[in-house]
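Here is the structure we will look at, set down as structure tokens.
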Ligand code: CO
């Protein structure tokens, strides 16, 4: 499959509210395949939302490789590939935590975002099964970040003090 183009700020598609999927048809499956290609081809990927590849539809894909720092200390565990269609958060914890986030659509930067530490969400799988998932830790953060994309929100919108945005020094 050829390289999938990722939209970056200020592309207006990133700012639109994405449409609900009514039917998981072959077109939806093709979009999912493209999203998986992006996650597969980027070592640092954690998740992707369909609007980031130009499809204003409510689909998110999550996958993380185990990541360790230079000293070999575990930063986060691997998360197997998961696709969620029409995801909706139905419960947020009162407890919030701050952690750094970055995004393919705002490349080269990362910064601290405060989010509820635990969530419960519902979604459909590509097999059209309804799932209800309790998420905490990295998964909870990624799901919230990706659902934000479906609502036209980027992580930078959640960082009030833009001086806290830091430049990535890789690449
Ligand atoms: Co993002």
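Miscellaneous remarks
- Which numbered condition residue 73 misses (of (1) more than 16 Å from the ligand (Cβ to nearest atom); (2) over 30 Å from residue 22 (Cα atoms); (3) touching a strand residue (DSSP E or B) at 6+ places or on another chain (Cβ under 8 Å)): (3)
- Residue 85 satisfies every condition listed in (1) closer than 23 Å to residue 6 by Cα; (2) within 16 Å of the ligand (Cβ to nearest atom) except (2).
- The set of residues in the range 15-49 being within 15 Å of the ligand (Cβ to nearest atom), touching a helix residue (DSSP H, G or I) at 6+ places or on another chain (Cβ under 6 Å) and not in a strand (DSSP E or B) consists of 18, 45, 46.
- When residue 97 is tested against (1) within 16 Å of the ligand (Cβ to nearest atom); (2) assigned to a strand (DSSP E or B), only condition (1) is not met.
- Within the range 137-171, the residues that satisfy the criterion of being over 27 Å from residue 56 (Cα atoms) and touching a strand residue (DSSP E or B) at 6+ places or on another chain (Cβ under 7 Å) are 164, 166, 167, 168.
- Here residue 163 meets the list (1) more than 16 Å from the ligand (Cβ to nearest atom); (2) surrounded by fewer than 16 Cβ atoms within 10 Å (Cβ to Cβ); (3) in a strand (DSSP E or B) almost entirely, failing just condition (3).
Only the coordinates and a few stated rules stand behind these numbers; no lab work does. All values derive from a computational prediction rather than experimental measurement. We place every Cβ from the backbone using ideal geometry, glycine too, and count neighbours over all the protein chains shown.
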